[in-house]
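I have placed the structure first, in the form of structure tokens, so that the comments after it can refer back to it.
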Amino acid sequence: MPAVKVHVSGVVQGVGFRPFVYRIAVQHSLRGYVKNLGDAGVEIWIEGTDENIEKFIADLKNRAPPLARVEHINVEKVRETGVAKFQILPSSNGGGGGDSIVPPDVALCDDCLRELFDPTNPRYMYPFIVCTNCGPRFSIIESLPYDRENTAMREFPMCEFCDEEYKDPLNRRYHAEPVCCDSCGPHYSLIDSSGAAVPGEPLKETAKLLDSGHIVAIKGIGGFHLACDAFNSEAVRELRRRLGREAQPFAVMVRSIEEVRKLAYITEHEEKELVSYRRPIVLLRKKIELDGVAPGLHTIGVMLPYAGVHYILFHHSSANAYVMTSANYPGMPMLRDNERISEFRDIADYFLVHNRRIVNRIDDSVVRFHGSRRVVIRRSRGFVPLPISSKYAYVGIAMGAELMNSFSIIKGSKIYPGQYIGDTAKVEVMEFQREAIERMRGLLGIDDYELVIVDSHPLYNTTRAGLEMSKEVLKVQHHIAHVAGVMAERALDEMVGIAIDAVGYGSDGKIWGGEIVSIAPGSVRREWHIPYYSLPGGDLASHYPLRALVGVLSTFMPEEEIERLVRSRCAGAITALPHGETEFGVILRQTEIRRNAPQTSSLGRLLDSIAVFLNIAYRRTYEGEPAMKLESAAMGGKDIHFKLREDEFISSLFEEIMSSNASVRDIAYSAHLAIARFFAERAVRVAEERGIENVGVSGGVAYNALIVSEIEKTVNDAGLKFYSSEEVPRGDNGISVGQAYVGGMYLEGIVNKNEIK
Ligand code: ZN
Ligand code: FE
């Protein structure tokens, strides 16, 4: 009888792959074994007829379980051993060198959801119910192979009932590592802010507390949320006050898709994403206003329940939507460990905690749609640790930039972006990054990096950490990395990139952010940028876009005229400054004498300055706020065709804005389109000059639907190919993927070190 040994790689552990193999092996009368390997791959040995082996291999490819990703199947002829039956063997630690990875955390499946509310089911109302098709994965794993003893479930030995299901090849929980029930698994408990236990059923009591306007910290899958009734504006306002979070939008978790429809408009693409196993936060167009939840924006971030605890809370609750925001102090990592909840005593009234450790902190992911295109803003739970395929194979790490940080590890021809890390200016966040890198490195079985890639900003903590890591470190300019992120996703090796962004360190030491770059084999160039203007007071010091406005206007206007214009058109912006008039005087002087007024080409800050000029936003309390509100203000506007002059981008733009009698909405709308066309036309010209047929867009401003769709239209009209990313985050959360790709191009000798720094 013929016999073969099969090695399968991809996402094949923790997804019900071995039971699946078992079933198809038995179906085709094959004998042998299947086992998990230490590199996250699976080894199969089968003996039987040639015909059956062939059928088995075909099924392996075509009928794999929904969460599995089969990347490679390697079949090797071996000598028959004459085994009598097919069985699942214990995992072995061998392997290595493969391209397998554990799956991401998966939302509760429909079967488990049904059982959760079935009074006859042993796991009725048990919040930790899961099966092979759903539940936590990445968030609970410490090391490979993916076995219970290598996860946070190690502390919960299975009871007889669970063990039976676990061992039954016909059961949905066959070899499901996180399987447990009320008698053997983890439990929730509810405590008040003094640490005292609240009597009663924890989840039922929590629902009551939320319904009566309290703020509760809830431990979930990847960390703690802070929750309150999203329809209770007093509770929402109180949460903002306690967090010191003035206007940054909160995400809401909504009871059901039907209830989502009452809050917001949903396209079919958005609905598909909302209900997907990833269950990200999806930014939707508001239908009604939830007071204080997402002030001043036309969108609201919505997600559906994704774990048993969420469904049970809604079951006991009269609320249809909860604010569900990551429990963190501004700029700090999300609360993860029970031992540290006391730090949140001033924020939450109560704490709903459970006794299962969260091994890997992972925030909710955030996406938005531009028509049918998914735009990833924060790539974390549900996505990580799935890789992105790359054209260039090596072993390395890309450290990302500073804000919205995530790192990427490169192994072979795959880029593995890590989870959302946050603002790495803080030491606590850097500590989180260090820990997350170590974990991912372990899961990928990497000892050493060939290359470490960092942002060219010399003072970023991530740059410093990268420099300490090993021998060869490559610096990649921020906006080249943004553009390369699109190229990575689309496997391109040449593209003209429009990098529209807030701020990034430029190779001339200035602050870049409105760039056209070309990347092609043998040549990387900064082709055009928004003419430099100054940011009086510096970028980080300034949360007042009036400062940027003064800097912008000073490129073509004398001081007295700026003063007159601001007083007559947006005097409220002066009053909004902490030191009012006096401060306005200082800003004018700083600009005039160019003292403490760094130069920038940022489009993000330019949009901020338009927002303040149009009296849409006077403050930036979170990154992107004025520009996002400008986009919201432009929604539904009409184009009055602003004409921008080739070599006078800023002055012609502002002349049009200042002289128009149109409504704020139409002006905001027209400004967006004019800027988009200007960039696109410029990029098209560069593409023609360089003989490149691809034009792409990335950077933080590329979340703006108006600007991106107009760029796309202009590029297509010119007969060129347009690209933007749908998997790699366009903002700084995606920087490390671009860095990783540039690292590969560099190692292949395609780009020159000096042109990319
Ligand atoms: Zn399930
Ligand atoms: Fe950026």
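The values are calculated or read from the model by the stated rules, or taken from the named source; none is laboratory data. Just so we're clear, the structure is a prediction, and the values are computed from it rather than from any experiment. Cβ placement follows ideal geometry from the backbone for every residue including glycine, while neighbour counts extend to all protein chains displayed. Areas reflect the complete protein model, heavy atoms only, side chains present, ligands, DNA and RNA absent. Shrake-Rupley method; radii C 1.70, N 1.55, O 1.52, S 1.80 Å.
Some notes on this structure:
- Top-ranked residue of segment 708-736 - restricted to ones that are surrounded by fewer than 24 Cβ atoms within 10 Å (Cβ to Cβ) and hydroxyl-bearing (Ser, Thr, Tyr), ranked as nearest to GLU494 (Cα to Cα): TYR723
- Residue match in segment 131-149 (condition: surrounded by fewer than 21 Cβ atoms within 10 Å (Cβ to Cβ) and among the basic types (Lys, Arg)): yes
- Condition broken by THR49, with the remaining ones in (1) among the β-branched types (Val, Ile, Thr); (2) over 27 Å from GLY412 (Cα atoms); (3) touching a Leu at 6+ places or on another chain (Cβ under 6 Å) satisfied: (3)
- Look at (1) in a loop (DSSP other than H, G, I, E, B); (2) farther than 24 Å from VAL353 by Cβ and you find that ARG336 fails only one, number (2).
- Matching residues in segment 639-658 - criterion: being open to solvent by 60 Å² or more (accessible area, probe 1.4 Å) and closer than 17 Å to ALA611 by Cα: GLU655
- Candidates GLY514, GLY497: the one that is away from ligand 1 (no atom under 16 Å from the Cβ), under 15 Å from THR600 (Cβ atoms), open to solvent by less than 30 Å² (accessible area, probe 1.4 Å) and in contact (Cβ under 8 Å) with a residue 12 or more places away in the chain is GLY514.
- Considering each residue of segment 123-130 in turn, at least one proves to be without any contact (Cβ under 8 Å) to a residue 40 or more places away in the chain and either within 12 Å of ligand 1 (Cβ to nearest atom) or open to solvent by 10 Å² or more (accessible area, probe 1.4 Å) (or both).
- Going through (1) aromatic (Phe, Trp, Tyr); (2) open to solvent by 10 Å² or more (accessible area, probe 1.4 Å); (3) free of Cβ contacts under 8 Å to residues at least 60 places away in the same chain one by one, PHE584 falls short only on (2).
- Scanning segment 69-113 for residues that are assigned to a loop (DSSP other than H, G, I, E, B), open to solvent by less than 40 Å² (accessible area, probe 1.4 Å) and β-branched (Val, Ile, Thr) yields ILE101, VAL102.
- Checklist (1) closer than 26 Å to ASP99 by Cβ; (2) under 19 Å from the mean Cα position of the chain (by Cα) applied to ALA425, failing item: (1)
- Among the residues here, TYR746 does not qualify as hydroxyl-bearing (Ser, Thr, Tyr) and buried (at least 24 other Cβ atoms within 10 Å of the Cβ).
- Of the listed requirements (1) within 16 Å of ligand 2 (Cβ to nearest atom); (2) open to solvent by less than 60 Å² (accessible area, probe 1.4 Å), LYS475 misses just one: (2).
- From the options HIS310, HIS315, residue that is in a helix (DSSP H, G or I), touching a residue at least 12 places away in the same chain (Cβ under 8 Å), farther than 16 Å from HIS370 by Cα and open to solvent by 10 Å² or more (accessible area, probe 1.4 Å): HIS315
- Some residue of segment 88-107 being within 30 Å of ALA207 (Cα to Cα) and either within 16 Å of ligand 2 (Cβ to nearest atom) or out of contact with any helix residue (DSSP H, G or I) (no Cβ under 7 Å at 6 or more places or on another chain) (or both): yes
- Residues that are of a type in the set (D, E, K, R) and out of contact with any helix residue (DSSP H, G or I) (no Cβ under 8 Å at 6 or more places or on another chain) occur in segment 659-678; there is at least one.
Results for (1) in contact with a Lys or Arg (Cβ under 9 Å, 6 or more places away or on another chain); (2) without any contact (Cβ under 8 Å) to a residue 60 or more places away in the chain; (3) closer than 30 Å to ARG682 by Cα; (4) away from ligand 1 (no atom under 16 Å from the Cβ), shown as yes or no for each residue.
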position	(1), (2), (3), (4)
TYR420	yes, no, no, yes
ALA425	no, no, no, yes
SER456	yes, no, yes, yes
VAL473	no, yes, no, yes
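- Residue selection: ALA425 satisfies the criterion of being of a type in the set (Gly, Ala, Ser) and within 29 Å of ILE516 (Cβ to Cβ).
- Residue in segment 346-367 that is open to solvent by 10 Å² or more (accessible area, probe 1.4 Å), touching a Lys or Arg at 6+ places or on another chain (Cβ under 6 Å), touching a residue at least 40 places away in the same chain (Cβ under 8 Å) and more than 25 Å from LEU226 (Cβ to Cβ) present: no
- Residues in segment 584-615 that are more than 17 Å from TYR533 (Cα to Cα), touching a helix residue (DSSP H, G or I) at 6+ places or on another chain (Cβ under 8 Å) and in a helix (DSSP H, G or I): PHE584 alone.
- Among the residues examined, ALA627 does not qualify as touching a Pro at 6+ places or on another chain (Cβ under 6 Å) and of a type in the set (Gly, Ala, Ser).
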